[in-house]
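Let me begin by presenting the structure, written as structure tokens, before commenting on it.
Just so it is clear, none of the values below were taken in a lab; they were calculated from the coordinates. Values in this document were obtained by computation on a predicted structure and should not be read as measured data. We place every Cβ from the backbone using ideal geometry, glycine too, and count neighbours over all the protein chains shown.
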Amino acid sequence: MPKVTLVDVFKHRITQKYLRRSGIHHAVTVAHYAFDLAVKSGVSPDLATKSALLHDIGHYEWYKDGKWDYEEYRKHDIHAIKGAERAHKLLIRLGEDRLVAKEVSLAVLLHTDSYLPFSLTEQRTLLQEVVEKADRMDEQPQGLHHYNKMSPSHAIKLLSRLDDKISDYYNNNQVRKEHT
Ligand SMILES: [Fe+2]
């Protein structure tokens, strides 16, 4: 059973401060994709959904005249590095297990290789692959996926439903284990 829920993560001050930059809609959508992919590939849905929700928390505001300056972003972006640190810090503050915080932080760090001088294809763990795939499923050209809107109250509603699905998953798997 997850120690810290997605709603806990979403409501935290650090998440509220930084998640809006890259868009609540994108973060919540990617968390849902990550749940399905995790269940399919036998990865922990707790780790996958937390990593997915937080994968873009390191974004700097690349806005110019009210629009995302994509050119500037491609040139100077290190959001995965900043995000890994922010995700780790906020999970530790929430009292999360330190191994979970480390795994999530690494999945955030490696969800993209666009800032690295080498490719991560076939280098990722299953969890990291799930997060990378989930992110790509919601991607639109020129970073348009960062513009889709979702209110914080709607995000909490959806995340609380996803938290229930995650609890159900662990309860069912526990029952299955006990019967084998
Ligand atoms: Fe993303």
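Consider the stretch 85-95 and keep the residues that are surrounded by fewer than 20 Cβ atoms within 10 Å (Cβ to Cβ) and farther than 27 Å from Glu72 by Cβ. The one that is farthest from the ligand (Cβ to nearest atom) is Gly95.
For residues that are within 16 Å of Ser41 (Cα to Cα) and small (Gly, Ala, Ser), scanning just the stretch 96-142, find the one that is surrounded by the most Cβ atoms within 10 Å (Cβ to Cβ). Selected residue: Ala107.
For the stretch 51-70, a residue qualifies if it is touching a strand residue (DSSP E or B) at 6+ places or on another chain (Cβ under 9 Å) and either over 17 Å from His26 (Cα atoms) or among the basic types (Lys, Arg) (or both), and exactly one does: Asp69. Name every residue in the stretch 8-18 that is within 13 Å of the chain's Cα centre (by Cα) and of a type in the set (Val, Ile, Thr), in order of residue number. The answer is Val9, Thr15. Candidates in the stretch 143-171 are the residues that are more than 20 Å from Ser22 (Cα to Cα) and of a type in the set (A, V, I, L, M, F, W, C); of these, the one that is surrounded by the most Cβ atoms within 10 Å (Cβ to Cβ) is Ile166. Among the residues of the stretch 63-77, those identified as within 19 Å of Asp135 (Cα to Cα) and surrounded by 13 or more Cβ atoms within 10 Å (Cβ to Cβ) are Trp68, Tyr70, Tyr73, Asp77.
Among helices (runs of 4 or more DSSP H) entirely within the stretch 19-128, having at least 2 residues that are closer than 23 Å to Leu144 by Cα and within 13 Å of the chain's Cα centre (by Cα) singles out 24-41, 45-54, 79-93, 98-109.
Here Val100 does not fit the description of being touching a Lys or Arg at 6+ places or on another chain (Cβ under 9 Å), within 16 Å of the ligand (Cβ to nearest atom), touching a residue at least 24 places away in the same chain (Cβ under 8 Å) and of a type outside the set (Lys, Arg). Within the stretch 5-36, the residues that satisfy the criterion of being crowded, with 20+ Cβ neighbours inside 10 Å and of a type in the set (A, V, I, L, M, F, W, C) are Leu6, Val9, Phe10, Leu19, Ile24, Ala27, Val28, Val30, Ala31, Ala34, Phe35.
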